[in-house]
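Trainee: Mind having a look at this structure? Questions to follow.
The values are calculated or read from the model by the stated rules, or taken from the named source; none is laboratory data. On a predicted model such as this, the values are computed, not experimentally measured, just so you know. All Cβ positions, even for glycine, are placed from backbone atoms using ideal geometry, and neighbour counts span all protein chains on display.
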Amino acid sequence: MKTFNYSSVTLNQLEEIFDIEKIHDRSVFDTWFSKEYNFAAEDNAFLERLINKNIDHINNYTELELISKFIAPILNQIDFEIKDKHIRDWYEVQLKYETENFGFNGRCDFVVAKGYDKPINPYFFIQEFKQTTSAFPEYQLLSEMIVATKLNNTNHIKGAFIIGSIWVFMILNQLDYNKYQYCLSRKYDAIELDDLKHIYQLLQRVKSELMLCSGSPLTP
C-alpha cells in the first residue's frame, strides 16, 4: 500500500490515484462569495489595528509568528465554536485515511470540524505554507480536502491556503467516485484593508453556513 503525507504530496502523486481537474471558472464561488456580511464598527477597527500592527514584518515572520500574531487573531475574532452543534476550530489535526491500495496521513494546520474530544467531520481547512516542506500548499490543501470528502461521505468542501500575507480560497467538488474538480479564488493580500475585509467576510460566511447545517456535512 502506498502511503502519502500531506506535507510532501505532489500533484503527480495525487493524479496516480484520483482523476483531478483544475477549473478556472470562478463562478463556482458565487454562492459563497455573494452572501452578505454586515461589518460592525468593531470589525473595521479590529482589522485596521491588525494591519497597522503587522504590516512592516508580516512577510518576514516565522511560521509561529505568522500564526500567533496575524492568523490566530482573525480566527479567534470570528470564533468558529458552535456549541449546540459540537463544532469548533482545531489546530494541528491528525488526519488519516486508508484503503487497500493507498493511504494519507499527516497533520493539518487548522480545521473547523464537528467533534467532542477529537474532530470527526472536517468542514473547512486552512493550510499555511511552510518553507521547510517540499509540497506546494495548493496540493497539500487539495489532498486534505479530498480525504475530508471521503471521511464525510460528501461531495463538496471549502478551504484556503496562506503564503505570508497572501490568502487563496479553494472549492473542491467530487463529480464521481475518485473524480474531482477544484477551483482557486484570486489572491487576497491581507495587508490591504479591502482584501482583509473580504477574507474576513468569507470566513464569517463559512461560520454562518455551519450554524445553519443540521449536522450532516455541508453541501453547496
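Trainee: Can you tell which of VAL93, VAL28, VAL112 is of a type in the set (Val, Ile, Thr), assigned to a strand (DSSP E or B) and modelled with pLDDT of 95 or more?
Mentor: VAL112
Trainee: Considering only segment 87-103, how many residues are exposed (fewer than 14 other Cβ atoms within 10 Å of the Cβ) and among the aromatic types (Phe, Trp, Tyr)?
Mentor: Residues in segment 87-103 being exposed (fewer than 14 other Cβ atoms within 10 Å of the Cβ) and among the aromatic types (Phe, Trp, Tyr): 1 in total.
Trainee: Could you list, in sequence order, all residues of segment 1-19 that are of a type in the set (Val, Ile, Thr), surrounded by fewer than 17 Cβ atoms within 10 Å (Cβ to Cβ) and assigned to a loop (DSSP other than H, G, I, E, B)?
Mentor: THR10
Trainee: Within segment 34-86, considering only helices (runs of 4 or more DSSP H) that don't extend past its boundaries, which have at least 3 residues that are surrounded by fewer than 16 Cβ atoms within 10 Å (Cβ to Cβ) and under 21 Å from the mean Cα position of the chain (by Cα)?
Mentor: 63-66, 72-78
Trainee: Identify all residues within segment 86-110 that are within 19 Å of VAL9 (Cα to Cα), touching a strand residue (DSSP E or B) at 6+ places or on another chain (Cβ under 6 Å) and of a type in the set (Val, Ile, Thr); write none if there are none.
Mentor: Once the filter is applied, which keeps residues that are within 19 Å of VAL9 (Cα to Cα), touching a strand residue (DSSP E or B) at 6+ places or on another chain (Cβ under 6 Å) and of a type in the set (Val, Ile, Thr), segment 86-110 yields only VAL93.
Trainee: Does LEU66 meet the test of being touching a residue at least 60 places away in the same chain (Cβ under 8 Å), touching a Pro at 6+ places or on another chain (Cβ under 8 Å) and not acidic (Asp, Glu)?
Mentor: Numbers: touching a residue at least 60 places away in the same chain (Cβ under 8 Å): yes; touching a Pro at 6+ places or on another chain (Cβ under 8 Å): no; not acidic (Asp, Glu): yes.
Considered against the rule, which asks whether it is touching a residue at least 60 places away in the same chain (Cβ under 8 Å), touching a Pro at 6+ places or on another chain (Cβ under 8 Å) and not acidic (Asp, Glu), LEU66 comes out as no.
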